[in-house]
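Engineer: The structure is given below, and queries will be raised subsequently.
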Amino acid sequence: NIPLNSFGPPLNDPAMRSSDRKRLYPAVGHLYPMGTSMLSDVSSEEELGRVLQIFPQYSAIWSIHANSPDKSIDDAFYERDVQALELAFESQMHFASFYAYVKLKEQEIRNLVWITECILQAQKDEISKYVPVFSFHAPWRAQKSR
């Protein structure tokens, strides 16, 4: 999200990319250290897509964002998180199910806030753009049944 949100502001200036934007990236995770250094030099969405093609888990999320204009990168990340959290209930004898329960409840609250905001702003066409939790109509379940 850092490079995507910094394309317009002064953080996209080449001098700022190497100093200020680079400090915003974490020093842990799947992208560290090679990915974060590559992402700090990105200046457009096309370059961002090329960099993310190297990393399979982020490549799939980027393709969801790039192929559907109505879905933001945040929505794609939320969908991936919900899918992983639902899998926590598939096995036994661990505490991941408690963590997943809390995180899925947070997503349900996010969904309710989205729906109420759409109703309040008279955007009834946008109501269906929430991330379903334990639904047979979820995008990852619809792909498996095909």
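Engineer: Please list, ordered by first then second residue, the pairs with beta carbon atoms under 7 Å, 6 or more apart or interchain, first in the range 69-81 and closer than 12 Å to TYR130 by Cβ, second part of a helix (DSSP H, G or I).
Structural biologist: Cβ pairs passing all conditions: LYS71/ILE64; LYS71/HIS65; TYR78/GLN107; GLU79/PRO139.
Engineer: Right, something else. Starting from the range 30-47, keep only residues that are within 19 Å of ILE73 (Cα to Cα), then list their pairs with residues that are modelled with pLDDT under 85 and not in a helix (DSSP H, G or I) whose Cβ atoms are within a distance under 6 Å, requiring at least 6 positions of separation or different chains.
Structural biologist: Close Cβ pairs (under 6 Å, with a partner that is modelled with pLDDT under 85 and not in a helix (DSSP H, G or I)) amount to THR36/TYR25.
The values are calculated or read from the model by the stated rules, or taken from the named source; none is laboratory data. All values reported here derive from a predicted model rather than from experimental measurement. Here Cβ is always computed from backbone atoms with ideal geometry, including for glycine, and neighbour counts include all displayed protein chains.
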